[in-house]
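Have a look at the structure below, then the notes.
The values are calculated or read from the model by the stated rules, or taken from the named source; none is laboratory data. Predicted model only: the values in this text are computed from it and were never measured. Please note: Cβ atoms are built from the backbone with ideal geometry, for glycine as well, and neighbour counts cover all protein chains shown.
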């Protein structure tokens, strides 16, 4: 870490205190040790799964990977492209994005190489199921979909191996991954994201965060099992920190708790939120209110954290531009949390949400004005579906 970065970390992070010069005889308290332990690595396996998005032909992905596709597709069979497209359509019918969902499931087992993926797929009940079932993301219907898709995934992974995806990836990336991993490890020294997240979640987290730097992950940041997430190797340091501030928060609450059930009951009566869930572009995900509530609570909290560590984008600008402006709930929650001074006091977000539901602050007459103030929009123009060709 260079001197400028060191000053940034010491000056902006509240829980990594700088020890100043003491006068003779005075005692200076020792700085608390940072809670966060960072690990930065790459993953051929996760890159292969994320590459399925571009291979599907979806412009949401292909616009980021035209050069890579031009090099890879001539050696990749048309049959395999058809398999990707069929799997993508099937996953969409079940409310999932293909690449991110597969990254989540395969993160339950060994997953460094394409060969690891093939082995985990063949022995999914032994390698993947136990940890996936024990995770907060377990869903029996989604596991059933995965098992049903196994024959198609087997053919697809065979096709990736036949096209020598590992060699293609190494040749295309050169030494960029190694250089970026080394630089980011240095930059993260002393940045204590975990302490900030614990302060707002109101519960203890494990201290370890693993960042998997990929090339084929645009435009996503993806949370996977454990305190691990996927980021793109070309994202700036500040973007990676914002992703870390966000992804480790998932899930920000226990969806089965009475407080969250109370909150969801209020939000389900909000006509604007139900419209957003029903009418937004499903390519963005968040196709249920439960999923949107999880995501937007994490977004509101990560904005508070990013502001405290000095890497935040302006809140209104962020949410007006993200995913066609659909995260109105995040803006409203952020506005209410700021009004309460939650970023200063901390607390248990789950309890805060339950209290806000019971005292009326999550109702439209409170939530919508808070969102409008953050977004700089009038209440009647908070969101409308984008016009698409």
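Does residue 179 satisfy the condition of being more than 19 Å from the chain's Cα centre (by Cα), outside the structural domain of residue 75 (by TED's automatic domain parsing) and surrounded by fewer than 23 Cβ atoms within 10 Å (Cβ to Cβ)? Criteria met by residue 179.
Mind checking whether some residue in the stretch 91-107 is free of Cβ contacts under 8 Å to residues at least 40 places away in the same chain and either surrounded by 14 or more Cβ atoms within 10 Å (Cβ to Cβ) or within 30 Å of residue 235 (Cβ to Cβ) (or both)? Checked against the condition, which is being free of Cβ contacts under 8 Å to residues at least 40 places away in the same chain and either surrounded by 14 or more Cβ atoms within 10 Å (Cβ to Cβ) or within 30 Å of residue 235 (Cβ to Cβ) (or both), the stretch 91-107 yields no hits at all.
Among the residues of the stretch 305-319, what is the count of those that are under 21 Å from residue 240 (Cβ atoms) and surrounded by fewer than 22 Cβ atoms within 10 Å (Cβ to Cβ)?
Residues flagged as under 21 Å from residue 240 (Cβ atoms) and surrounded by fewer than 22 Cβ atoms within 10 Å (Cβ to Cβ) within the stretch 305-319 amount to 9.
Under the condition of being in contact with a helix residue (DSSP H, G or I) (Cβ under 6 Å, 6 or more places away or on another chain) and outside any loop (DSSP other than H, G, I, E, B), the residues counted in the stretch 214-229 number 5.
What are the residues in the stretch 110-169 that are farther than 19 Å from residue 97 by Cβ, in contact (Cβ under 8 Å) with a residue 12 or more places away in the chain and part of a loop (DSSP other than H, G, I, E, B), if any? Those that are farther than 19 Å from residue 97 by Cβ, in contact (Cβ under 8 Å) with a residue 12 or more places away in the chain and part of a loop (DSSP other than H, G, I, E, B): 110, 112, 113, 163, 164. Among the residues of the stretch 190-209, which ones are surrounded by fewer than 18 Cβ atoms within 10 Å (Cβ to Cβ) and either touching a strand residue (DSSP E or B) at 6+ places or on another chain (Cβ under 8 Å) or part of a strand (DSSP E or B) (or both)? Answer for the stretch 190-209, where residues must be surrounded by fewer than 18 Cβ atoms within 10 Å (Cβ to Cβ) and either touching a strand residue (DSSP E or B) at 6+ places or on another chain (Cβ under 8 Å) or part of a strand (DSSP E or B) (or both): 207, 208. For the stretch 61-77, residues that are in a helix (DSSP H, G or I) and either crowded, with 16+ Cβ neighbours inside 10 Å or without any contact (Cβ under 8 Å) to a residue 40 or more places away in the chain (or both) total 10. The condition (being at pLDDT below 95, within 30 Å of residue 208 (Cα to Cα) and in the same structural domain as residue 55 (by TED's automatic domain parsing)) is satisfied by just one residue among 112, 125: 112. The set of residues in the stretch 252-286 that are assigned to a loop (DSSP other than H, G, I, E, B) and surrounded by fewer than 17 Cβ atoms within 10 Å (Cβ to Cβ) comprises 254, 255, 256, 257, 268, 269, 281. The residues listed here are 13, 55; of these, the one that is at pLDDT below 50, over 21 Å from the mean Cα position of the chain (by Cα) and surrounded by 19 or more Cβ atoms within 10 Å (Cβ to Cβ) is 13. Just so you know, in the stretch 224-238 the residues that are within 21 Å of residue 47 (Cα to Cα) and touching a residue at least 40 places away in the same chain (Cβ under 8 Å) include one that is surrounded by the most Cβ atoms within 10 Å (Cβ to Cβ), and it is 230.
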